[in-house]
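Worksheet for the structure shown next.
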Amino acid sequence: MGSRKQTYRIWDVYQKIFYMRNKELVAGYLQGQNTNLEEKIDMISIEPHSVLLGIRDGTLCLACVKTGNTAHLRLEEVDITDLDKDRNRSKRFTFIKTENGSTSSFESAACPGWFLCTQMEADRPVGLSNTQEENVITRFYFQRELQE
Amino acid sequence: MDLSKCRFLGTGPQISVFCLQKLLGFFFFFCVLSENVSANSIQPKKSTENCLHLGKHFKRFMVEGEPVILNTPFPKLHNKIFFSLHYNLSWHKNDSDKTLLGTSKSGRIWMDNDDLWILPASLEDTGTYICTLRNASYCATRSVELKVFKKSEASLQYISYRQVLVTSGPGYLVCPEIKNFIQDRNKTEIKWYKDSVLLDQSNKKFSILKGSIYCLINNVSLDDSGYYTCELPFVYKGVKYNITRHVKVHIMKKKEETIPVIITPNKTVLTSLGSKLVIPCKAFFGLGSRSTTLLWWTANNTFLDNVYKKGRVKEGQRLEYSENNKSYIEVPLIFNSVEKKDLNTEFICTAKNRLGTQSLQARVKEELTFSWGIAVAPLSLIFLLFIGIWIHRRWKQRPEKVYTTRKSMIIGHDCQTSTPYRKEMI
């Protein structure tokens, strides 16, 4: 299949936007001209529910890496289009996207039960969570473009 | 917050919060330093000037007269940096004096729990603030920028936060970067305004809970977009301040997804061998979201990449567009050069989303193209026509007499039988 990369805006249900801070993906409130720092998500659907996620034009991809019983979110320097062509390599980069009303959640295919998450507190790293705790947010708005 | 429930890692030599929670302060300090550089490059530093700079945080935009808190740009754990390590954290402004800030509690600027408080902010506070973290052997800095606007120049577009909601459901607006000013959570009451009109409890559309920094819009509609303001009273040393945040709210229409319907290609596509060919596959997805809709081509039930390794036949760029408010996706099938085997290949376009799948086959057929047979055929006809005309003329010239003879013979014959008939013949 050809390149089917699409760019989306992502923000959690408490309005935190993704941005990079010292090479780390974090979520916070962006003000004034800082809104230009927003990291948009590049996505390739490999199945209607399975997606590859990246940032920076698909050159840094979101992956789940397991250490013991713990799963970590890692950004890896790999091209999302190459991952799309090499399905054997792409498992840890694959997320199951589930829509619920206006929002979506992203469960790692390689780390079942672990969901992409932000924290209630602003400017904290984007990560993976396996709980439904109050201070962990796993529901995101995920939209192609803003209609203003 | 139990951080072990949410684990975080970034790229490269990053910190794992989980690991930090478990390790002792020294290792934590090492982690902080190694966020941007390799361990080899860390050298013991004695003075601030030689500290390792670990990058800057984005600018904060505030209005004069308001209290400002610059949070320490170093990660905190349980509100304590380096909980088991002796460390020293200091702030200074990156101006000519480089004076240390917040050393006394009596002034306008002080340090509280490693954060820098400026109360109230004035125009001259604009600048870069450097936060320095050191222990006996290591030193690191991070900077934070602050811009303080004059009240009259604080245009909403410079200072407001962007928030977005989607129609047809409930959605939260958040009063951002205000938590540090909440003195008593149970008594906290944030006032919300939309375009300067107070949203009070009588307004059923909005729910504002005591002690919460959120404003819940019960059923988001397009006319909820606009500028919102949230306001929190804050009292310090008997002086009452208002912490104000402005939020620009965008509303997006929720998109409804439908089962995909493929509109083109036509079942048979005529082409000639050796030529370039593009067959677009166009599918209709209703008014809906295209986020999970797939459209792809296969050749004999195999993905094109696997069949045409050199890309003689490939998919073109995916296009998404709207016509008369309806959403379409189009993916073309591109042949660099059509070959004979393509005529016997099943090219199928498939459109799929979570509601359904549809496929349509396009058959490539050879169109009659230039050949000598075709070119010679009309020429032969013309040639035959000329021959015909020539023969006809020859016939007309020579057999004039013969014809006359025949005619007279007939006439003669007729004369003998019936005169009216003879007349008719003449």
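The table below gives the values:
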| read-out | value |
| --- | --- |
| Solvent-accessible area per residue, Å², over the range A:6-144 with all protein chains present [probe radius 1.4 Å] | 36 |
| Whole-number percent relative contact order across the range B:261-366, with pairs defined as alpha carbons under 8 Å at least 6 apart | 40 |
| Heavy-atom accessible surface that A and B bury in contact, both chains counted, 1.4 Å, Å² to 100 | 5900 |
| Å² per residue, accessible surface of the range B:161-233 at 1.4 Å | 50 |
| Three-way shape label, chain A, alpha-carbon gyration tensor, a/c 1.5 | rounded |
| Averaged over A:17-23, number of beta-carbon atoms from partner chains that fall within 10 Å | 5 |
| Relative contact order [Cα under 8 Å, 6+ residues apart], chain A, whole percent | 24 |
| Cα-Cα over 26 Å, subset of B:K282/B:K314; A:K85/B:K267; B:K179/B:K254 | A:K85/B:K267; B:K179/B:K254 |
| Average beta carbon contacts from partner chains per residue of A:26-37, 10 Å cutoff | 6 |
| Cysteines in chain A that, by Cβ-Cβ distance, have no pairing candidate under 4.7 Å | A:C61, A:C117 |
| Relative packing of peptides B:355-366, A:73-84, B:232-243 - highest average C-beta neighbours within 10 Å first | A:73-84, B:355-366, B:232-243 |
| Rel. contact order, % - alpha carbon contacts under 8 angstrom, at least six apart, the range B:160-253 | 40 |
| Rounded to the nearest 20 debye, dipole of the range B:160-253 from Cβ charges on Lys, Arg, Asp, Glu | 180 |
| Solvent-accessible surface (1.4 angstrom probe) belonging to B:K151, in square angstrom, nearest 10 | 150 |
| Dipole of the range B:147-266, positive end: most advanced residue of B:Y214, B:S168, B:V235 [Cβ charges, Cα centre] | B:V235 |
| Selection from A:A71, A:G101, A:T138, by position along the positive dipole direction of the range A:6-144 (Cβ) | A:A71 |
| Debye equation applied to the C-alpha atoms of the range B:261-366, log10 I(q)/I(0) at 0.23 Å⁻¹ | -1.24 |
| Of B:K147/B:K191; B:K255/B:K310; A:K23/B:K151, those spanning more than 30 Å from alpha-carbon to alpha-carbon | B:K255/B:K310; A:K23/B:K151 |
| Calculated [θ] (222 nm, deg cm²/dmol) that DSSP helices of n ≥ 4 give over chain A, each run adding -39,500 (n - 2.57) | -1000 deg cm²/dmol |
| Distance from the range B:133-186 to the range A:55-74 (C-alpha centre basis), Å | 27 |
| Gyration tensor (Cα) of the range B:160-253, equivalent ellipsoid semi-axes in angstrom | 25, 13, 11 |
| Dipole moment magnitude, nearest 20 debye, the range B:215-373 about Cα centre, only Lys, Arg, Asp, Glu C-beta charged | 400 |
| Proximal aspartates and glutamates relative to B:K352, as straight alpha-carbon distance under 14 Å, when same-chain residues fewer than 8 apart are discounted | A:E47, B:E257, B:E330 |
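The values are calculated or read from the model by the stated rules, or taken from the named source; none is laboratory data. Model, not experiment: these values are computed from the prediction. Virtual Cβ from ideal backbone geometry, glycine too; neighbours counted across all protein chains shown. Heavy atoms of the whole protein, side chains included, go into the accessibility calculation; ligands, DNA and RNA do not. Shrake-Rupley method; radii C 1.70, N 1.55, O 1.52, S 1.80 Å.
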